[in-house]
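Read through the structure below, which is laid out as C-alpha cells, and then see the notes.
Read the figures in this text as sums done on the coordinates, not as results from a lab. Here the structure is a predicted model, which means the values were calculated and not measured. Don't worry about glycine lacking a Cβ; one is built from the backbone with ideal geometry, like all the others, and counts go over all protein chains shown.
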Amino acid sequence: MSTMSRTSIFLVLVAVGLVSLLAHLSGGIDIQILNPQGPIALEQKRLIITAVLLMLIVVVPVYVLAALIAWKYRATNTDAPYTPDHDHDQRIEIVWWTIPLLIILTLGTITWKTTHALDPFRPLDSTVSPVTIQVVALNWKWLFIYPEYGIATVNYVAFPEDTPVSFHITADAPMNSFWIPSLGSQIYAMAGMSTRLHLLADQPGTYHGLSANWSGEGFSGMKFIAQSLSREDFDSWVAAVRQISSVFDTGEYDLLALPSSHTPVRYFGHAQPGLYDYVVNKYMQPHDTMPVRVLHDE
Amino acid sequence: MSFAALPPNAIVLSAFLFMIALAGLIIGALFYYKRWRWLWDEWLTSLDAKKIGVMYIIVGFVMLVRGAIDAALMRGQQAVAAGDSLGYLSPEHFGQIFTAHGVIMIFFVAMPLMFGLFNLVVPMQIGARDVAFPFLNSLSFWLFAAAAVLMNISLVYGEFASIGWLGYPPLSELEYSPGVGVDYYIWILQIAGLGSLFSAINFLVTILKMRAPGMTLMRMPMFEWTTLASVVLVIVIFPILTATLAMLSLDRLLGMHFFTSDFGGNAMMYVNLIWAWGHPEVYVLILPAFGAFSEIVPTFAKKRLFGYSSMVAASIVICFLSFVVWLHHFFTMGAGANVNAFFGIATMVIAIPTGVKVFNWLATMYRGRITFTTPMYWFLGFVGTFTLGGMTGVMMAVPGIDFQMHNSLFLVAHFHNMVIGGVVFGYLAALSFWFPKIFGFTLDEKWGIRAFWCWLIGFFVAFMPLYLLGFMGATRRLEHYDASTGWQPLFIVAGIGVVIIALGIVFQAVQLVVSIIKRHEYADTTGDPWDGRTLEWSIPSPAPFYNFAIIPAVHGRDAFWEMKQSDPIVQARPAQEYVDIELPCNTPVGVYIGACAFVFGFAIVWHMWWLALLGFLGVVGLLIARSFDENTEYILPAAEIARLDAAYTQKTI
C-alpha cells in the first residue's frame with residue numbers, strides 16, 4: 001500500500017494544483033449557460049439544477065456507501081462481520097429498485113412538461129408581436145434574412161430586446177446546428193428542410209453564436225454575433241441597413257454561398273423577397289413546385 | 001492511385017516512418033529468432049479461442065496507442081490554437097484525426113478488447129473446450145484484422161474521412177467529401193462489422209449450447225449473462241450498420257440518392273439508422289464490463305454476488321431498453337415534443353437497472369473480506385467515475401437540457417466519462433483479473449496500481465474542464481477559437497490530463513514488461529490465484545489447449561467455489577474416466593479470407609474494379625473450398641489427455 005499511497009498523494013497534489021490554477025485563470029470568464037440572458041436559457045438553467053439535485057439523492061449515498069463499505073470490510077479488519085453466503089435480501093432490493101424509480105418518475109414528469117414548454121418549434125407567449133428572421137447555414141457562414149424589413153446580413157443578427165424572435169432555419173451546406181448559448185436552445189440547420197427556433201433576450205446585449213455540428217473544414221470559423229437592441233436602436237439599425245444600396249438577389253446569393261470561412265460581417269439593404277424559399281426549394285428538384293417542407297405542425 | 005496520394009504532412013510522415021520501423025523491427029526479430037513457422041502454426045492459423053483472444057487483445061492495445069496519439073494531437077492543438085495562433089493542424093487534418101480517433105477507439109480498441117475477453121473467458125467459464133464454431137471465430141478475427149490494417153493504410157495512403165465518427169450526410173456524400181476518406185471509412189466499418197456480427201453469433205450459440213452439464217441459465221456466472229445480452233445486441237444492430245453504410249456507398253458509387261440533400265434523399269433517415277446501431281453499440285460495450293465487475297467483486301470480497309436474479313433482470317432490461325432510446329442523440333433535429341419527451345424518459349429509465357447494479361455490487365462488498373488488488377482498484381474507480389457519468393447522462397436525457405448542451409464539450413465529457421470510467425476501467429480490470437489464467441503468471445500489482453492512479457486522475461484532469469467548457473458554450477470539434485472566449489486555460493489543463501493518461505498507458509506497458517521478467521516469481525502454480533469462484537479457476541494456469549481434461553458437472557452457482565467448500569482436496573478433479581475429445585485442426589483459411597477481404601476493401605476504395613472483384617471472388621472461393629474440407633477436426637485420445645493432465649497436476653502440486 002505504501003508505494004501506492006505515495007504515487008496517489010503526488011498525483012492528487014498535481015490535480016489540486018491544476019484546479020486552483022484553473023480557477024485563478026478563468027476568473028471573470030462568462031459561463032454562458034449558467035448566466036442566462038433570456039427566459040429559455042433561464043428555464044434550462046433551472047432544469048439543470050433540478051435534475052442535478054434529484055440525482056444527488058442517489059449519487060451521494062453511492063459515494064458514501066462505497067467509501068464506507070470498502071474501508072470497513074477490508075480483509076485486514078478481521079473484527080468486521082463476515083457473511084460469505086449472504087446473497088439476497090428482498091426488502092433491501094425492493095428499496096433500491098424503488099428509490100431510483102421514484103426519482104425517475106419525478107424527473108420524467110418534469111421532462112414531459114418542460115419538453116413541451118421548451119420545444120424549439122413552440123412560439124413564445126408574449127404580448128409583443130415577434131420578429132421573424134430566416135437563417136441559412138452556408139459553407140461556412142450564417143446568412144440572416146429579415147422578410148419583414150427586406151434586409152439581409154451575414155454573420156451578424158440583431159433583434160429587439162424583450163421581443164420574441166421567430167427563427168426559420170435551413171442550410172445550403174452540410175448539417176449545422178444554430179446555437180446562441182446565452183439565449184438557450186439550438187436546432188439543426190438542414191438542406192431542403194426548414195426548422196424553427198423561438199428565442200427571446202431580456203435586455204440589450206451582445207452574444208456569441210456558432211454552429212454546434214461539424215460541417216467541414218471551415219467549421220471553426222462559422223461564428224456570428226447576435227445582438228439584442230432596445231426597440232429604438234433596432235429600428236434605427238434597420239433604417240440604417242436599408243440605406244445601404246447593395247441588393248441581395250439569387251445571383252448575389254450564389255456568390256455568397258461559395259465556400260469561405262471567418263467571413264466578415266456584411267449587410268444588404270435590399271433583399272429579394274422569397275429568397276429563403278428559393279434556398280429550401282433548390283433541393284426539391286426535379287419537383288421544384290413542391291411546397292416547403294416544414295418538419296411538423298406548430 | 002499514385003504516389004501523390006502519400007500525404008506530405010510531417011505528422012503523418014513521422015507516423016508512417018514509425019510504422020515502417022516497427023514493422024521492420026518485428027519482421028527482423030522473426031527472422032533472427034527463426035520464429036516464422038512458430039508464429040504461423042501456433043498463432044495465426046490457430047483455432048484455439050484463447051489464442052484468438054490474445055491476438056484480439058494485442059491488436060486492441062496497438063490501436064489504443066494510435067487512438068491515444070490522435071487524442072493527444074487534438075488536445076495539443078486545442079491547447080495552443082487560440083486567437084492569433086493557428087496551432088499545428090490544418091482544419092482538414094484535424095477533422096480526419098477526430099474521425100479516426102472515434103472510429104479507432106470504438107471499433108479497433110473497445111470491440112477487440114471485448115471479443116478478446118469473450119474468447120478468453122466465455123468457454124472456460126461455462127465448462128466448454130471451445131466456442132461453438134472455431135473456424136468462424138478465426139474468420140471473425142481475420143476480418144477484423146483486415147479492417148485494422150486498412151485503417152492504418154488510410155493514415156499514410158490517401159486520406160481518412162473528415163466527417164465525425166458517425167459520418168452524417170450530406171457531409172459524407174460525394175458533394176462535400178469527394179475524396180477516398182469516406183470510402184475508407186465505409187469499407188473499414190463494413191469489414192470490421194461483419195467480423196463482429198459473426199463473432200457475436202458464435203458466442204450466442206456457445207453460451208446457449210455449450211454449457212457444462214448442470215449449468216442451467218440461472219446458474220451461469222454473471223459475465224455470461226452480460227455477454228449474452230451484449231451479443232444479442234450485436235446480432236440485432238450490426239445488420240443495421242451494414243445496411244446503412246451500404247446505402248451510403250450506393251449513393252457514392254452509383255450516384256443514388258438515399259441520403260443526399262436533393263432528389264428526394266433524406267439525411268435524417270441516415271441519422272436515425274446510424275444511431276439505431278450506435279446507441280445500442282455503447283451498451284454492447286458496457287454490459288461485459290458490468291459482467292466482469294460482477295465476477296471481480298465477489299471474488300475479492302470473498303462473498304457470493306448479491307442479488308443475482310436482480311442482476312440478470314437488470315442486464316436484460318438494459319439490453320431491451322437500449323433499443324428504444326436512439327433518438328436522444330438528436331433531440332435538436334426537430335422531432336415533436338411528444339417524441340422527444342418519450343425518448344428522453346425512456347433514456348432515464350435505463351438509470352434504474354444500472355443504479356440497481358451499483359447497489360448490488362456495494363451489497364456484495366458489505367460484510368465481505370475485501371482484498372484490494374488491481375482489479376478492485378479499477379472497480380472502485382469505476383464506481384466513482386461511472387456514477388458521475390450516469391448523472392450527466394440523465395441530465396442530457398432531459399430534452400430541455402439537451403437543447404442547450406447538445407454537441408457541446410459537456411457531451412464529449414459525458415461520453416468519455418462512460419467509456420473511460422466504464423468500458424476501459426472494466427476491461428482493464430478484467431484483463432488483469434484473467435491474465436494469469438492465460439499466461440500462467442499474475443501481473444505486477446505495484447505497476448498496475450500506479451497505472452490505475454494515472455488513468456483515474458488523468459481522466460478527471462482531462463475531462464472535468466470539458467464539462468465546464470460545455471457550460472461556457474464551447475462546441476466539440478473546434479480546431480481554433482477566439483482568445484476572448486477564455487477557454488484556453490481549460491484546454492491546457494485538459495491537455496495535461498491527456499499526458500497523465502498517457503503516463504498510465506506507459507505504466508501498463510512497464511507492468512507487462514516487469515511481470516514478464518518476474519514471471520517465475522509471479523507464477524500461478526495452483527491455477528487459482530485469487531481463490532476464484534467459477535470454473536475457469538478449476539483448471540491449471542496457463543489453461544491447457546483443451547481447457548478441461550474432464551468436463552465438470554455443475555450443481556449450483558459459483559460452481560468452483562462450491563466444489564472447494566464441499567471437498568477441498570478433490571476440488572474440480574472428480575475420479576472420472578478420461579474420454580477421447582475432438583478438437584479443431586488449425587487452418588490458414590481464415591487468414592487467407594482476411595487477406596482477400598483486405599484486397600477487396602482497398603481496391604474498392606480506390607475504384608480498382610478488377611481487383612475488387614478478384615478479392616471478392618477470393619473470399620467466396622475460399623469459403624466454398626473450406627466447406628468441402630472434411631478433415632477439420634482431430635481426436636485427442638484419452639490416454640494422451642491422461643498423460644497431459646497428470647503432467648499439469650504434477651506441476652500444480
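Our summary of shape: the Cα atoms of region B:223-346 have principal axis extents of 64, 35, 17 Å, ordered from largest down, in whole angstrom. Dipole magnitude for chain B: computed about the Cα centre from +1 point charges on Lys and Arg Cβ and -1 point charges on Asp and Glu Cβ, it is near 1420 debye. For peptide B:368-381, compute the average count of partner chain beta-carbon atoms within 10 Å of each residue's beta-carbon. So the per-residue partner count for this stretch is 3. When only alpha carbons of chain A are considered, Rg and Dmax amount to 26.6, 88 Å. About the centre of its Cα atoms, the protein assembly as shown shows a dipole size close to 2380 debye [charges on the beta carbon of Lys, Arg (+1) and Asp, Glu (-1) only; nearest 20 debye].
Expressed per residue, the C-alpha convex hull volume of region A:37-185 stands at 191 Å³. Applying 1/(1 + (r/R0)^6) with r as the Cβ-Cβ distance of B:Ile517 and B:Ile624 and R0 = 45 angstrom yields a FRET efficiency of 0.40. Cα centroid separation, region B:170-188 to region A:74-101: 53 Å. Between the beta carbons of A:Tyr156 and A:Leu42, assuming R0 = 30 Å, the FRET efficiency works out to 0.75 to the nearest 0.05.
Using Cα-Cα distances under 8 Å and only pairs 6 or more residues apart, what relative contact order does chain B have, in percent? Contact order relative to length: 17 percent. Inter-label distance, B:Val499 to A:Val247: 6.0 nm, where each label sits 7 Å from its Cα along the C-beta direction.
Using Cα-Cα distances under 8 Å and only pairs 6 or more residues apart, what relative contact order does chain A have, in percent?
18 percent
Rg over Rh for region A:112-192 works out to 0.97, using Cα positions for both radii and the Kirkwood form for Rh.
Which of the peptides B:150-157, A:38-45 is most tightly packed, and how do the rest follow, going by the mean number of other Cβ atoms within 10 Å of each residue? If you can, show how the numbers build up before the last one.
Values: B:150-157: 20.1, A:38-45: 21.8.
Ranked by mean Cβ neighbours within 10 Å, highest first: A:38-45, B:150-157.
Helix B:351-365 versus the longest principal axis of chain B: what is the Cα-based angle in degrees, 0 to 90, to the nearest 10? In chain B, helix B:351-365 runs at an angle near 40 degrees to the longest axis.
Please work out the C-alpha center-to-center distance from region A:127-169 to region B:17-33 and express it in whole Å. Rounded to whole Å, the Cα centres lie 61 Å apart.
Averaged over peptide A:190-196, how many Cβ atoms belonging to another chain are found within 10 Å of each residue's Cβ?
Neighbouring Cβ atoms belonging to other protein chains average 5 per residue here.
Normalising the Debye intensity of the protein assembly as shown to I(0), with uniform scatterers on Cα atoms only, and taking log10 at q = 0.08, 0.10 Å⁻¹ returns -0.79, -1.20. Each Lys and Arg adds +1 at its Cβ and each Asp and Glu adds -1 at its Cβ; summed about the Cα centre, region A:131-281 shows a dipole of about 260 debye.
Label-to-label distance for B:Ala553 and B:Ser484 is 8.1 nm, based on points extended 7 Å past Cα in the beta-carbon direction.
Computed on region B:325-481, with alpha-carbon pairs under 8 angstrom and 6+ residues apart, the relative contact order is 28 percent.
What average count of beta carbons from other chains do you get within 10 Å of the Cβ of residues in A:42-48? Display every interim value, and only then the final one.
On the way: counts 0, 2, 7, 3, 1, 7, 8.
The mean count of partner-chain Cβ atoms within 10 Å per residue comes to 4.
Between 0 and 90 degrees, the angle of helix B:638-652 with respect to the longest Cα principal axis of chain B falls at about 80 degrees. Ranked by the mean number of other Cβ atoms within 10 Å of their residues, highest first, the peptides A:245-254, B:318-327 come out as B:318-327, A:245-254.
Between A:Trp142 and A:Asn155, the built amide H atoms are under 5 Å apart, and every one of these is 5 or more places off in sequence or on another chain.
What separates the Cα centres of region B:120-147 and region B:503-526 is a distance of 26 Å. The residue list B:Ile420, B:Gly344, B:Phe372 was ranked by how far each Cα lies along the charge dipole of region B:334-472 toward its positive end, using unit charges on Cβ atoms, and B:Phe372 comes out on top.
Evaluated at q = 0.10, 0.21 Å⁻¹, the base-10 log of the normalised Debye intensity for region B:140-265, with identical point scatterers placed on the Cα atoms, takes the values -0.43, -1.14. Size descriptors for region B:303-351 (Cα atoms only): Rg and Dmax, in that order, 14.6, 50 Å. What is the list of residues in region A:31-45 whose amide nitrogen lies under 20 Å from a point 7 angstrom out from the Cα of A:Ile110, following Cα to Cβ? Zone members listed by number: A:33-45. Placing R0 at 60 angstrom, the Cβ-Cβ distance between B:Ala313 and B:Leu13 gives a FRET efficiency of 0.65 after rounding to 0.05.
On alpha carbon coordinates alone, what is the Rg over Rh value for chain B, Rh being the Kirkwood radius? Across chain B, the Cα-based Rg/Rh ratio is 0.96. Panel note: the C-alpha atoms of region B:225-273, placed on their principal axes, show extents of 46, 20, 9 Å (largest first).
As a proxy for reagent exposure, ranking B:His414, B:His406 by other Cβ atoms within 10 Å from fewest up yields B:His414, B:His406. In plain terms, if you count all Cα to Cα distances in region A:131-281 and split them into 5 Å steps from zero, the share in each step is 2, 10, 21, 25, 22, 14, 5, 0 percent.
Compared with the direct C-alpha span, the chain from B:Val324 to B:Ala23 gains 103.9 nm at full extension, assuming 0.36 nm per residue. Once the Cα atoms are used to define both axes, helix B:49-80 deviates from the longest principal axis of chain B by about 30 degrees. Taken one residue at a time, the phi angles of region A:196-201 give Karplus couplings (6.51, -1.76, 1.60, θ = phi - 60°) of 10, 8, 10, 10, 8, 9 Hz. Gly and Pro are set to x. I'd like to know which of A:Gly221, A:Gln203, A:Leu138 lies farthest towards the positive end of the charge dipole of region A:131-281, counting +1 on Cβ of Lys and Arg and -1 on Cβ of Asp and Glu. Of the listed residues, the answer is A:Gly221.
Based on DSSP, what percent of beta bridges with both residues in region A:131-281 are antiparallel, to the nearest 5?
Details: 30 of 45 bridges.
Within region A:131-281, antiparallel bridges account for around 65 percent of the total.
Shown for chain A are the DSSP H helices of 24 Å or more along their axis, judged by Cα atoms, with a mean Kyte-Doolittle hydropathy of at least -1.0: A:2-25, A:39-72, A:90-117.
Between A:His262 and A:Thr50, full extension at 0.36 nm per residue minus the direct alpha carbon distance yields a gain of 72.5 nm.
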